[in-house]
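This report concerns only the one structure given below.
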Amino acid sequence: GNSVTQMEGPVTLSEEAFLTINCTYTATGYPSLFWYVQYPGEGLQLLLKATKADDKGSNKGFEATYRKETTSFHLEKGSVQVSDSAVYFCALSRKGGKLIFGQGTELSVKP
Amino acid sequence: EAQVTQNPRYLITVTGKKLTVTCSQNMNHEYMSWYRQDPGLGLRQIYYSMNVEVTDKGDVPEGYKVSRKEKRNFPLILESPSPNQTSLYFCASSLTTGGGTGELFFGEGSRLTVL
C-alpha cells in the first residue's frame, strides 16, 4: 500500500547548521509529494511540494527534490534558525486526492 | 482573513458523553477533512467530504460521525467517546480534493481528553 516513512526525531541542531530530514515513500503510480510544518500550538501548513519526478520544491530556504529512483523526498536547509524549530511532516497524495502523512520529525534548533 | 476555525480548542470529557467538535472555513473550499494526530503515528484521516452532502470514511472512522449540510461547516461527532479517542484533532480544507496540486489548510487543532 501507500506509505511514508520519515527519520525519527527529535533532531537537535545548533543555529546555522545544515539540516536534512529523510523521507521515503511507497506508492503506486506517480503521487505528488509534500512537506508540511507544524509550529508549536498551531496547525500544519504547507512548506513545499513537488508534483512530478525530478521537481524541486523550495520555500523559506528549505528544499526537497522528488527522486523517483530512490523513492525519496528529503528536506534540506543550508542554515537553520531557532525559528525553524517545529515538527515537519512528509506526505504524499494518492488516488482520490487523500494525503498520507509520515509520523513527523521534531526539529529543535538551539542558539 | 482566510482560515479554518475549530471549537473547542481544548476539551476534557467523560466516557460516553456525546460531544461535537465544530469546524468552519471561510474560503469556499469544496473539500474538508478531519485528522487525528497521535505520538509516533503522524496524522491519520478520520473522514472527509468532497462537497455538500458527500462524505466518506478515511483510515480510522470507527467511533466518529460527520455531516456536511453546508459548504463551510464540517462538524465531527463523537456519539459515545472512549479513552482511546483522546487525541489532537485537526480539521482541514482545500479548494480541490487535497491531493495533487491542492494545498490543505489546517485549523489550529482541538485537544480532546476522554476520561
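Using DSSP, restrict attention to beta bridges with both residues in chain A and report what percent are antiparallel, rounded to the nearest 5.
Numbers: 34 of 38 bridges.
Bridges in chain A are about 90 percent antiparallel.
Please check chain A for the longest run free of GluC sites (Glu not before Pro) that are loop-located per DSSP (anything but H, G, I, E, B) and have at most 12 other Cβ atoms within 10 Å.
Working: sites that count: A:Glu8, A:Glu16, A:Glu69.
Segment A:17-68 is the longest.
Calculate, axis by axis, the spread of Cα positions in the protein assembly as shown along the three principal axes, and write the results as whole Å, longest axis first.
49, 38, 36
Just in the range B:50-115: which GluC sites (Glu not before Pro) are loop by DSSP and have at most 12 other Cβ atoms within 10 Å?
Sites meeting the loop and neighbour criteria: B:Glu53, B:Glu62, B:Glu70, B:Glu79.
Taking the inverse of the average 1/r across all pairs of different Cα atoms in the range A:46-106, what Kirkwood radius in Å do you get?
Hydrodynamic radius (Kirkwood, Cα pairs) of the range A:46-106 is 12.6 Å.
Beyond 16 Å, what share of the Cα-Cα pairs of chain A is found? Please give it as a whole percent.
55 percent
Using Cα pairs under 8 angstrom and six or more residues apart, how large is the relative contact order of the range B:19-115, in percent?
On the way: 225 pairs, mean separation 30.1, N = 97.
With pairs under 8 Å counted, the relative contact order is 31 percent.
Please compute one quarter of the surface area of the Cα convex hull for the range B:49-115 and express it in square nanometres.
Averaged projected hull area, Cα only: 4.9 nm².
Out of the range B:17-115, which chymotrypsin sites (Phe, Trp or Tyr not before Pro) are coil in DSSP terms and have no more than 14 other C-beta atoms within 10 Å?
Here no loop site has a sparse enough neighbourhood.
Read-outs throughout are calculated quantities, based only on the coordinates presented, and are distinct from any laboratory measurement. Computed from a prediction, not measured in an experiment: that's the story for all the values here. Here Cβ is always computed from backbone atoms with ideal geometry, including for glycine, and neighbour counts include all displayed protein chains.
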